[in-house]
1. Among Ala100, Ala41, which is among the small types (Gly, Ala, Ser), modelled with pLDDT under 95 and over 23 Å from Phe147 (Cβ atoms)?
2. Check Lys126, Lys73 and return the single one that is closer than 20 Å to Asn26 by Cβ and either touching a strand residue (DSSP E or B) at 6+ places or on another chain (Cβ under 6 Å) or modelled with pLDDT of 95 or more (or both).
3. Regarding segment 140-147, can at least one residue be identified that is closer than 28 Å to Thr49 by Cα, open to solvent by 40 Å² or more (accessible area, probe 1.4 Å), free of Cβ contacts under 8 Å to residues at least 12 places away in the same chain and among the basic types (Lys, Arg)?
4. Looking only at segment 8-27, which residues are more than 14 Å from Thr132 (Cα to Cα), under 18 Å from the mean Cα position of the chain (by Cα) and open to solvent by 50 Å² or more (accessible area, probe 1.4 Å)?
5. Using the structure shown, decide if Phe79 is of a type in the set (Phe, Trp, Tyr) and either surrounded by fewer than 16 Cβ atoms within 10 Å (Cβ to Cβ) or at pLDDT 95 or above (or both).
6. If Gly98 passes every condition in (1) open to solvent by 40 Å² or more (accessible area, probe 1.4 Å); (2) over 15 Å from the mean Cα position of the chain (by Cα); (3) without any contact (Cβ under 8 Å) to a residue 24 or more places away in the chain but one, which one does it miss?
7. Consider segment 37-50. How many of its residues are surrounded by 13 or more Cβ atoms within 10 Å (Cβ to Cβ) and without any contact (Cβ under 8 Å) to a residue 24 or more places away in the chain?
Amino acid sequence: MFDNENLHELRFTFTQSNFIQQMESNFESTVEGDDVPYIMASVAIDGTTVDSVGVRFKGFTSYTSESDKKPIKIDFNEFVPGKRHDGLRKLNLNNGFGDASVQRDAICYKLMRDMGVKAPRTAYAKVYLNDTYWGLYLLVEQVDKEFVQNNFTNDDG
């Protein structure tokens, strides 16, 4: 997933015709700190389809910007317990808010990793929602218990 030799392609397919409105409603109806509900979709990642994944908007400032290109979170495990893709349970799609080059986070995380700091891996992807091109996103590894287990000698990090 984090091979930077290629520009990845993620194609989401939602059965709901109003999926954008549903994701907006889910995000906007939650109180800060609450879990935002996911909606079900399938996603083709570089041609490999993963069914029954959870998809939702994420962020705060980047979500509330004027742009239609909202940040997205995928949870491969949301509807099918134990499901992973390329060893990942979750994946973040950052929209590059405030960074027209969409490079700042990727460069920062790479510098941190090069200096021995445990930091999320990144890659780039063209993102499509129901066959509509949505834009270039930065894929960012979720920092969670799996990240800790994969990067530290104990589960406490």
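The values are calculated or read from the model by the stated rules, or taken from the named source; none is laboratory data. These numbers were taken from a predicted model, which means no experiment stands behind them. Positions of Cβ are generated from backbone atoms using ideal geometry, with glycine treated the same way; all protein chains shown enter the neighbour counts. Note: areas computed on protein heavy atoms with side chains; ligands, DNA, RNA excluded. Shrake-Rupley method; radii C 1.70, N 1.55, O 1.52, S 1.80 Å.
1. Numbers: Ala41 fails: modelled with pLDDT under 95.
Just a single option satisfies the conditions, and that option is Ala100.
2. On the way: Lys126 fails: closer than 20 Å to Asn26 by Cβ.
Criteria check complete, one pass: Lys73.
3. First, pick out the residues of segment 140-147 that are closer than 28 Å to Thr49 by Cα: 140-147.
In the following step, the residues that additionally are open to solvent by 40 Å² or more (accessible area, probe 1.4 Å) were identified as 143, 145.
Checking the rest, the ones that are also free of Cβ contacts under 8 Å to residues at least 12 places away in the same chain come to 145.
This time we only want the ones that are among the basic types (Lys, Arg), so: 145.
Yes, the conditions are met somewhere in segment 140-147.
4. Gln22, Glu24
5. Values: of a type in the set (Phe, Trp, Tyr): yes; either surrounded by fewer than 16 Cβ atoms within 10 Å (Cβ to Cβ) or at pLDDT 95 or above (or both): yes.
Against the criterion (of a type in the set (Phe, Trp, Tyr) and either surrounded by fewer than 16 Cβ atoms within 10 Å (Cβ to Cβ) or at pLDDT 95 or above (or both)), Phe79 qualifies.
6. (3)
7. Step one: of segment 37-50, the residues surrounded by 13 or more Cβ atoms within 10 Å (Cβ to Cβ) are 37-46, 50.
Now drop any that are not without any contact (Cβ under 8 Å) to a residue 24 or more places away in the chain, which leaves 37.
So the answer is 1.
One line per residue, one yes/no per condition, for (1) among the aliphatic types (A, V, I, L, M); (2) out of contact with any His (no Cβ under 6 Å at 6 or more places or on another chain); (3) part of a loop (DSSP other than H, G, I, E, B):
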| residue | (1), (2), (3) |
| --- | --- |
| Val43 | yes, yes, no |
| Thr49 | no, yes, no |
| Lys70 | no, yes, yes |
| Asn92 | no, yes, no |
| Phe97 | no, yes, yes |
| Ser101 | no, yes, yes |
| Tyr109 | no, yes, no |
